[in-house]
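Structure first, commentary second.
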Amino acid sequence: MVRVSQIRSNASLKKATDHVLSAGQINRQEYAQLTSLLLSNHKITSQELRAINRIFDSIKQGTLKIID
């Protein structure tokens, strides 16, 4: 299982976002790390940006839960 906190490459970012979406939940630390990743100077592709945005959209829609 790849956690967002283990993101070290673009491939692991894809695995982490896929895992979060399939699990239907994300913890607050992982959520904060994804947010920080978006706000940092880390280079992400448009495909990776879409995957991250799917997570945020799923949270807004209520299909992805933020857990403690």
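If amide H atoms are built 1.01 Å from N in the plane of the peptide, which residues on other chains or at least 5 residues away come under 5 Å of the amide H of L64?
I59
What's the exposure ranking of H19, H42, going from fewest to most Cβ atoms within 10 Å?
Values: H19 15, H42 12.
By the 10 Å Cβ count, ascending, the order reads H42, H19.
Note the full-extension length gain between T63 and T35 as 0.36 nm times their separation in residues minus their Cα-Cα distance, in nm to one decimal. List each step's numbers first, then the result.
On the way: separation 28, 0.36 × 28 = 10.08 nm, distance 1.85 nm.
So the extension gain works out to 8.2 nm.
Among I44, I52, I26, which one shows the highest mean-square fluctuation when the chain is modelled as a Gaussian network with alpha-carbon springs under 10 Å?
With Cα springs under 10 Å in the chain, the top fluctuation among I44, I52, I26 is at I44.
Mind checking the dipole of the chain: about its Cα centre, +1 per Lys or Arg Cβ, -1 per Asp or Glu Cβ, Debye to the nearest 20? Display every interim value, and only then the final one.
Working: 10 positive and 5 negative charges, 22 e Å.
In total the dipole reaches around 100 debye.
Read-outs: derived from the displayed coordinates by stated rules, not from any lab. All of these numbers come straight from a predicted model, not from anything done at the bench. We place every Cβ from the backbone using ideal geometry, glycine too, and count neighbours over all the protein chains shown.
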